[in-house]
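Report on the structure given below.
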Ligand code: ADE
C-alpha cells in the first residue's frame, strides 16, 4: 500500500513515519508513505495556496488549483482506491474503518488547513471524509498521522506475534484486559495468581472475562446489542 499525504506543513509529518512499526513496514516493502508539499503545486510566485472566502468572513480557504494539480499528477502515475480529506466534519474514525482501509490499495490523504478547502475540491476529488474526533486541530496533519498509523499496522505482515493486532483493544469490539510483567510482586501488589498458573485455557478465560468487565465499566456503549 502506498499512502500519499498532501500537506502545507510536511515538516509536521516527517517524524512519525521514520520510526518503529511504520519504519518496519516501509523496510519490509509493505507500505510506503510519501509527503507532498502543496506549495510545490502553486503557480503563483509567492507559492500561495489559500485565498479569502467569497462572501467575506474571517479565515482563508485552500484554493482548488494547487490541490487539483497535485492530485491529478499523482493519479496520472498510479491508481488510488480512496482520496481522503481529513476534516472535523467527516465520518468519525474507528477500528472498523482502519480495518477496511488496511485492505485497500493506494490512498491519497489531503490535510485541511485554515477554514478548509474550496467545496469544489470535495465535490470533484474526495471519496471519503474522516474526522478523528469531535475537536478541532489546527490542521489535518496530526489526524492524517493517526489514521496512517492505525491503518499500516493492520496490513498483513507488518506486525509480528508479539505486537499482533488481533489482541488489540477494539479489534473484537471489547477493550483489552489488564496486563502485567515482572516482578510478580511490587510493593505488596501481586500479579493475579491465574497468570502465573501456566493454565493457558484458564488464562484465556480470565482475560476474556476481564475484557468484558472493563468494557462494561468504561465503555458500556460498545456492549449494546451483545450478550455476555
Ligand atoms: N482537522 C482539524 N480537526 C480535525 C479532526 N478532528 N479530524 C480530522 N481532521 C481535522
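Just so you know, all these numbers are worked out from the coordinates, no wet-lab data involved. Keep in mind that this is a model prediction, so the values were computed, not measured. Ideal geometry is used to build each Cβ from the backbone, glycine not excepted, and the neighbour counts take in all protein chains shown.
Determine the distance separating the Cα centre of segment 59-84 from the Cα centre of segment 178-221; give it in Å without decimals.
Between the Cα centre of segment 59-84 and that of segment 178-221, the gap is 48 Å.
If contacts are Cα pairs under 8 angstrom and at least 6 residues apart, what is the relative contact order of the chain in percent? Working shown, then result.
Numbers: 319 pairs, mean separation 45.3, N = 228.
Rounded, it is 20 percent for the chain.
With an 8 Å Cα cut-off and a minimum separation of 6 or more residues, compute the relative contact order for segment 169-223 in percent. Spell out each step's value before the answer.
Numbers: 35 pairs, mean separation 25.8, N = 55.
The normalised contact order for segment 169-223 reaches 47 percent.
Where the convex hull is taken over the Cα atoms of segment 12-55, what is its projected area averaged over directions, in nm²? Please report the intermediate quantities before stating the final value.
On the way: hull surface 20.5 nm².
For the Cα atoms of segment 12-55, the hull's average projected area reads 5.1 nm².
Expected output is a single nm value to one decimal: the length gained when fully extending between residue 164 and residue 190, i.e. 0.36 nm times separation in residues minus the C-alpha distance. What is it?
Values: separation 26, 0.36 × 26 = 9.36 nm, distance 2.66 nm.
Contour length minus Cα-Cα distance gives 6.7 nm.
Whole angstrom only: what separates the Cα centroid of segment 101-176 from the Cα centroid of segment 1-34?
Cα centres, segment 101-176 to segment 1-34: 13 Å.
Want the number for residue 97 to residue 53: 0.36 nm per residue separation, take away the alpha-carbon distance, what's left?
12.6 nm
Working from Cα positions, state the angle (0 to 90°, nearest 10) between the long axis of helix 200-218 and the longest principal axis of the chain.
For helix 200-218, the angle is close to 50 degrees.
In whole percent, what relative contact order does segment 1-115 give with Cα contacts below 8 Å and a gap of six or more residues?
Working: 146 pairs, mean separation 39.5, N = 115.
Taking the mean separation of contacting Cα pairs over the length of segment 1-115, I get 34 percent.
At q = 0.14 Å⁻¹, what log₁₀ I(q)/I(0) does a Debye calculation on the Cα points of segment 129-202 give, no solvent, two decimals?
With no solvent term, the Cα-only Debye profile gives -0.73.
If the convex hull of the alpha-carbon atoms of segment 169-223 is projected onto planes in all directions, what is the mean projected area in square nanometres?
Values: hull surface 17.5 nm².
So the Cα hull casts an average projection of 4.4 nm².
Round to the nearest 10 and give me the degree value, 0 to 90, for the angle of helix 64-75's Cα axis relative to the longest principal axis of the chain.
The answer is roughly 60 degrees.
Give the Cα extents of segment 101-228 along the principal axes, in whole Å, largest first.
61, 34, 32
Using a Förster distance of 35 angstrom, determine the FRET efficiency expected from the C-beta separation of residue 75 and residue 142, and round it to 0.05. Working shown, then result.
Working: r = 26 Å, r/R0 = 0.73.
After rounding, the FRET efficiency stands at 0.85.
Quick one: angle between helix 141-152 and the longest Cα principal axis of the chain, in degrees between 0 and 90, rounded to 10, please.
The angle comes out at about 50 degrees.
For the chain, state the average projected area of the convex hull of the C-alpha atoms over all orientations, rounded to one decimal in nm².
Values: hull surface 68.6 nm².
Mean projected area for the chain: 17.1 nm², to one decimal.
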